[in-house]
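Working notes, structure below.
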Amino acid sequence: AAGRARTATASANANIALIKYWGKTDARLHLPTTSSLSLTLDETWTTTTVSFDGGDGVQDVVTINGLRAQGTAFERVHRFLSLVRERAGLGEAEAASVTSTSMVPLAAGLASSAAGFAALAGAASRAAGLDLDARGLSRLARRGSGSASRSVFGGLVRWNRGTDDETSYAEPVPCALDLAMVVVALDTGPKAVSSTEAMRRTMRTSPLYPAWVEASATELAEALAAAEAGDLERLGAVAEANALGMHATMVAARPPVLYWRPGTVAVLHEVATLRQAGLPVWATMDAGPNVKVLTDTAHAAEAAAALGGLFPEASVTVRRGGEGIRYEQPGS
Ligand code: PMV
């Protein structure tokens with residue numbers, strides 16, 4: 001691994017799906033059962049620097065928020081780096097140092113892996129000398145974490161399910177709304193069941209899963225039409241139905257995957273109450289107990305103030321639409 005250290009730095013934001021990705025038809029390539037739709041958020045970045053500098057002299061070194069990654073976290077990054085090395089024609093001996101800083105709590109169902117693997121894909125591919133276009137980068141990010149394929153782009157993004165590695169990628173889609181999310185974080189500790197395991201269990205054992213997959217295609221079409229037409233009410237309603245339907249499939253798995261906590265249910269009820277009182281708010285949830293509330297920028301502050309008042313123990317933050325992947329120019 002002698003020679004010039006090849007280095008690159010990239011940043012990516014988290015994204016929250018309005019029409020969810022839940023289940024893989026190919027576990028190695030991360031090909032999803034369904035196409036999905038998400039909003040990339042602002043102020044949720046992960047910034048990652050990759051240097052093919054020989055790592056610690058023996059193997060890759062991965063440092064996340066100042067701590068050296070071990071176990072599964074290390075293995076996932078290491079496997080991803082090996083994929084990049086293989087594509088770039090670098091040997092396994094060309095170990096890398098990866099340093100990542102994330103402002104999103106890790107593995108808490110707050111989309112840390114989406115931002116993390118999108119940033120890693122950007123930094124690692126550039127450091128390895130691969131010159132990927134946005135679609136190629138989305139495909140590569142997908143191999144780290146499915147949802148990362150969407151964080152390559154800003155704003156509203158559709159991930160086309162595709163049928164193979166080449167056809168499964170994300171791309172931006174038109175949106176006439178100024179969307180915002182109020183993130184109600186009830187518990188930012190790591191989740192008890194990983195999304196990988198929860199998806200596998202749901203696909204194998206939940207009798208409700210096929211029905212959710214079938215509904216998903218129609219729901220995606222409806223969500224895309226609503227976003228393009230600027231119909232927040234229709235978009236919110238279909239997003240909420242899709243997310244709660246996804247959780248219904250998990251609850252019906254054996255053994256069940258129940259990410260909901262008492263606070264989760266309380267927030268869901270209050271969102272419905274606020275909506276009845278005239279505020280345009282709809283809930284969505286991922287692989288964790290936290291609730292993200294879809295609204296538009298005109299109503300986000302009011303929604304956040306109401307939810308913050310009702311749930312003083314929660315951390316309530318407003319996020320708007322954010323941008324896709326960015327690179328730091330070397331030497332700047
Ligand atoms: O990218 P993964 O493997 O962490 O899966 C994420 C799945 C959900 O967040 C629950 C849904 C989604 O579409 O992001």
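Readers should treat all values here as calculations from the given coordinates under stated rules, not as data from a laboratory. Here the structure is a predicted model, which is why all the values come from computation and not from measurement. Cβ coordinates were reconstructed from backbone atoms using ideal geometry, including for glycine residues, and neighbour counts include every protein chain displayed.
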Give me the percent relative contact order of region 6-175, please, defined on Cα pairs under 8 angstrom at least 6 residues apart. 30
For region 197-208, in residue order, the Karplus 3J(HN,Hα) values (coefficients 6.51, -1.76, 1.60; θ = phi - 60°; whole Hz; Gly and Pro = x) are 5, 5, 5, 4, 5, 4, 4, 6, 10, 8, x, 8
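Take every Cα pair under 8 Å in region 105-194 that's 6+ residues apart, average their separations, divide by the length, and report that relative contact order as a whole percent.
On the way: 118 pairs, mean separation 27.3, N = 90.
Here the relative contact order equals 30 percent.
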³J(HN,Hα) across region 38-43 via Karplus (A = 6.51, B = -1.76, C = 1.60, θ = phi - 60°), whole Hz, x for Gly/Pro? 9, 10, 6, 9, 7, 6
Relative contact order computed over the chain (Cα-Cα under 8 Å; 6+ residues apart), in percent: 24
Running Debye on region 1-80 with equal point scatterers at the Cα sites and no solvent, what base-10 log of I(q)/I(0) appears at q = 0.10, 0.12, 0.21 Å⁻¹? -0.38, -0.54, -1.13
Hey, if you drop one equal point scatterer on each alpha-carbon of region 6-175 and run the Debye formula without solvent, what base-10 log of I(q)/I(0) do you get at q = 0.09, 0.15, 0.18 Å⁻¹? -0.26, -0.75, -1.08
How big is the equivalent ellipsoid of region 139-206 along its three axes, where each semi-axis is √(5λ) from the Cα gyration tensor, reported in whole Å from largest to smallest? 24, 21, 11
Out of the DSSP beta bridges found with both residues in the chain, what percent are antiparallel (nearest 5)? 90
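Using +1 on the beta carbon of Lys and Arg, -1 on that of Asp and Glu, and nothing else charged, what's the dipole of the chain about the Cα centre, debye to 20? List each step's numbers first, then the result.
Working: 30 positive and 33 negative charges, 158 e Å.
Using Cβ point charges on Lys, Arg, Asp and Glu, the chain gives about 760 debye.
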Note to self, the chain gives a 222 nm [θ] from helices alone (DSSP H runs n ≥ 4, -39500 (n - 2.57) apiece, / all residues, nearest 500) of -12500 deg cm²/dmol
What angle do you read, to the nearest 10 degrees and between 0 and 90, between the alpha-carbon axis of helix 297-310 and the longest principal axis of the chain? 80
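How large is the convex hull of the Cα atoms of the chain per residue, expressed in Å³ as a whole number? Before the final figure, lay out the partial values.
On the way: hull volume 43.1 nm³, N = 332.
In the chain, the Cα hull volume divided by residue count equals 130 Å³.
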How many nm separate the modelled label positions at T297 and D42, each set 7 Å beyond the Cα in the direction of the Cβ? 0.6
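May I ask you to work out the translational diffusion coefficient for region 177-290 at 20 °C, viscosity 1.002 mPa s, via Stokes-Einstein with Rh from the Kirkwood sum over Cα pairs, reported in whole µm²/s?
Details: Rh = 15.2 Å.
It diffuses with D of about 141 µm²/s by this estimate.
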Identify, among G230, S195, L244, the residue whose Cα sits farthest towards the positive end of the charge dipole of region 179-320, taking +1 on the Cβ of Lys and Arg and -1 on the Cβ of Asp and Glu, with the dipole about the Cα centre. S195
